[in-house]
Amino acid sequence: MNFKNVTVAGSGVLGSQIAFQTAFHGYNVSVYDINDAALEKAKERLTGLKDTYATYFNDAKKAAEALERFTFSSNLKEAVKDADLIIEAIPELEKIKIKFYQDLATVAPEKTVFASNSSTMVPSQFAEYTGRPEKFLALHFANEVWKNNTAEVMGHPGTDKKYEQEVIDFAKSIGMIPLHILKEQPGYILNSLLVPFLSAGQALLAKGVADPETIDKTWMLATGAPLGPFAILDVVGLQTAYNIVATEAKHNPAVQPIADMLKTQFIDKGKMGKATGEGFYKYPNPAYLDPDFLKA
Ligand code: NAD
């Protein structure tokens, strides 16, 4: 693996984390975003991440050094001029991503490998716009990269395996656990498992089969899992959960009652999950963390 210079395009929630994780492991990172205001915000996020990493890894020096490895540009050609790898973390909208890859194709050096962090789209949706389908694939991170360190690596049928391996090696080199997906799959592994699991829990609730605590307790007791579906939903956030179910309801009316339940009983009341202090549980001391939760 010959990667030295990495460009991260889109410096929002995930892009800034990916950029910091990469710089923390010694790479030079060029941060690209649409304008100076977005780049100023990126600098604030990265400074905040410096503190997060210093605390989490108990290494203030290494975190401070990482902050020195960034360059910033809102000019795409400039931002990618030395890139061995570009990781795209721009908004989850197909039109925006297509336009981005069309522009990138015209300015990126021939050597540059392109990787998308998209959560719900697959590389074959964009491969034809990249001008280098063999050097294009997905590299998917999870929120809070420093501790949730999965890196799902997934090509499309036209990706050259050589570049998949290079990206796997790169992921390892920045402290991630690479998970190689052998066949293109919407939702990768994690969301292919998690989304149906969470939907099944919500369907039990919407049908009145049991309350959230009973459903979570059943799962936790019977499998030894640390969290049940409703505790996980609170962490994911109920707005995201609602968006997923509402989209599915368009072609599967059977899940409409779940969408209605989330909207009227939670979202309309400002109960968005852990982030707002209440969802299916109340925070900061949710019942499932009580040592007695699984007793009686
Ligand atoms: P975000 O809205 O926080 O950040 C998006 C960034 O992209 C912003 O800084 C914005 O200014 C910038 N941007 C907008 N248009 C752009 C363009 N044309 N070129 C370059 N930058 C542009 O979004 P996010 O949550 O960081 O998500 C980004 C990507 O990461 C999405 O594909 C999403 O599916 C994926 N992802 C998100 C999460 C998550 O938990 N948020 C987890 C895994 C993957």
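The values are calculated or read from the model by the stated rules, or taken from the named source; none is laboratory data. As the structure is a prediction and not an experimental result, all values here were calculated from the model. Glycine gets a Cβ as well: all are built from the backbone with ideal geometry, and neighbour counts include every protein chain shown. Note: areas computed on protein heavy atoms with side chains; ligands, DNA, RNA excluded. Shrake-Rupley method; radii C 1.70, N 1.55, O 1.52, S 1.80 Å.
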Out of all the residues in the range 5-21, is one or more over 19 Å from Ser116 (Cβ atoms) and open to solvent by 20 Å² or more (accessible area, probe 1.4 Å)? no
Could you check the range 149-190 and list, in sequence order, the residues that are open to solvent by less than 40 Å² (accessible area, probe 1.4 Å) and among the charged types (D, E, K, R)? Glu152, Glu164, Glu166
Under 8 Å between Cβ atoms, which residue pairs at least 6 apart in sequence (or on different chains) link something in the range 1-19 that is more than 15 Å from Glu78 (Cα to Cα) and more than 6 Å from the ligand (Cβ to nearest atom) with a partner that is part of a helix (DSSP H, G or I) and among the aliphatic types (A, V, I, L, M)? Ser16/Ala42; Ser16/Leu46; Ser16/Leu49; Gln17/Leu49; Ala19/Ala42; Ala19/Leu46
Taking the range 191-225, which residues are surrounded by 14 or more Cβ atoms within 10 Å (Cβ to Cβ), more than 15 Å from Leu262 (Cβ to Cβ) and modelled with pLDDT under 95? Asn191, Leu194
Looking only at the range 76-126, count every residue that is without any contact (Cβ under 8 Å) to a residue 12 or more places away in the chain and within 12 Å of the ligand (Cβ to nearest atom) and tell me the total. 4
Under 7 Å between Cβ atoms, which residue pairs at least 6 apart in sequence (or on different chains) link something in the range 215-243 that is without any contact (Cβ under 8 Å) to a residue 60 or more places away in the chain with a partner that is open to solvent by 60 Å² or more (accessible area, probe 1.4 Å)? Ile215/Leu204; Ala225/Trp219; Pro229/Trp219; Asp234/Lys274; Val235/Lys274; Gly237/Ala275; Tyr242/Lys263
Does Leu238 meet the test of being surrounded by 14 or more Cβ atoms within 10 Å (Cβ to Cβ), out of contact with any strand residue (DSSP E or B) (no Cβ under 9 Å at 6 or more places or on another chain) and within 30 Å of Ile87 (Cα to Cα)? no
Within the range 22-43, track down each residue that is away from the ligand (no atom under 13 Å from the Cβ), of a type outside the set (Val, Ile, Thr) and in contact with a strand residue (DSSP E or B) (Cβ under 9 Å, 6 or more places away or on another chain). Ala23, Tyr27, Asn28
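Select from the range 272-296 the residues that are more than 12 Å from Leu238 (Cβ to Cβ) and either touching a Ser or Thr at 6+ places or on another chain (Cβ under 8 Å) or assigned to a loop (DSSP other than H, G, I, E, B) (or both) and list them in ascending order.
The answer is Gly277, Tyr283, Pro284, Asn285, Pro286, Asp290, Pro291, Asp292, Phe293, Leu294, Lys295, Ala296.
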List the helices (runs of 4 or more DSSP H) inside the range 163-262, counting only whole elements, that have at least 2 residues being among the hydroxyl-bearing types (Ser, Thr, Tyr) and more than 18 Å from the chain's Cα centre (by Cα). 212-223
Can you tell me how many residues within the range 127-144 are under 18 Å from Leu190 (Cα atoms) and more than 9 Å from the ligand (Cβ to nearest atom)? 3
Of the listed residues (Thr247, Thr276), the one being surrounded by 14 or more Cβ atoms within 10 Å (Cβ to Cβ) and of a type in the set (S, T, N, Q) is Thr276
Would you check if Pro91 is loosely packed, with under 15 Cβ neighbours inside 10 Å and either aromatic (Phe, Trp, Tyr) or outside the structural domain of Gln17 (by TED's automatic domain parsing) (or both)? no
One residue from Leu104, Leu139 being surrounded by 23 or more Cβ atoms within 10 Å (Cβ to Cβ) and over 19 Å from the mean Cα position of the chain (by Cα): Leu104
